[in-house]
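Inspection log for the structure reproduced underneath, given as structure tokens.
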Amino acid sequence: MSEALEGVAAPARADLCHRHGLENPLYMAEDAGAADLIAGGRLQLGISRGSPEQVLEGYKYFGYVPPEGSTDADMARQHTEVFLRVIEGGGFARPNPRPMFPNPPGLLPIEPQSPGLRDRIWWGAGTRATAEWTAQQGMNLMSSTLLTEDTGVPFHQLQAEQIHRFRALPDSECVEVLCEAAGVDE
């Protein structure tokens with residue numbers, strides 16, 4: 001795969017979108033780290049809980065069930081928090097006391113690590129509240145035509161409010177907004 005990417009010009013932005021509620025966050029971190037290294041640090045990874053299900057409780061078919069009292073959206077946000085922690089190098093697994101080769105002290109991180117990947121994670125927010133959560137997590141915001149709330153105002157006004165609320169939080173100072181809609185002034 002790396003040979004296939006050799007000589008390919010770096011895209012200005014190449015988004016890969018993924019439904020995070022249906023994925024093991026540790027597998028996702030390994031795959032994202034490897035893909036980003038192969039792509040020379042150019043991966044722009046978009047994740048979200050996904051659009052409303054076409055299948056009733058579709059997450060069950062992927063082996064994931066939200067804990068009692070939680071929703072699939074809550075589960076996707078929990079998976080995302082784990083994912084972000086491990087791509088930043090946070091340890092998650094106890095080392096074997098008799099390893100094949102020496103381990104560093106403490107919990108072991110995901111391999112491979114790809115420096116800078118954390119700064120290129122985008123969350124597809126469907127509501128104003130999730131736009132705020134995105135800023136609090138220090139992720140970039142993707143806003144599109146998949147807004148899942150209706151406040152009685154035209155779509156472009158609701159989307160503009162979502163972006164405004166994202167940018168109003170201190171954690172969003174260094175992150176970007178990718179907007180897919182006509183009528184929203186940046």
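The values are calculated or read from the model by the stated rules, or taken from the named source; none is laboratory data. Just so it is clear, the model here is predicted, and its values are computed rather than measured. Ideal geometry is used to build each Cβ from the backbone, glycine not excepted, and the neighbour counts take in all protein chains shown. To get the accessible areas, we keep the full protein, side chains included, count just its heavy atoms, and leave off ligands, DNA and RNA. Shrake-Rupley method; radii C 1.70, N 1.55, O 1.52, S 1.80 Å.
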I'm checking my understanding of the structure. Among residues of the range 128-143 that are polar (S, T, N, Q) and open to solvent by 30 Å² or more (accessible area, probe 1.4 Å), which one is farthest from V86 (Cα to Cα)? Q136
Counting only residues in the range 95-124 that are among the basic types (K, R) and free of Cβ contacts under 8 Å to residues at least 40 places away in the same chain, the one surrounded by the most Cβ atoms within 10 Å (Cβ to Cβ) is identified as R118
Across (1) modelled with pLDDT of 90 or more; (2) under 13 Å from the mean Cα position of the chain (by Cα); (3) charged (D, E, K, R), R94 clears everything bar (2)
Counted residues in the range 82-94 being in contact with a Pro (Cβ under 8 Å, 6 or more places away or on another chain) and either free of Cβ contacts under 8 Å to residues at least 24 places away in the same chain or exposed (fewer than 12 other Cβ atoms within 10 Å of the Cβ) (or both) come to 3
From the options G33, G50, residue that is surrounded by 17 or more Cβ atoms within 10 Å (Cβ to Cβ) and part of a helix (DSSP H, G or I): G33
Search the range 68-80 for residues that are within 14 Å of W133 (Cβ to Cβ) and open to solvent by 50 Å² or more (accessible area, probe 1.4 Å) and pair each with any residue that is of a type in the set (F, W, Y) and part of a helix (DSSP H, G or I) when their beta-carbon atoms are under 8 Å apart and the residues are at least 6 apart or on different chains. R77/W133
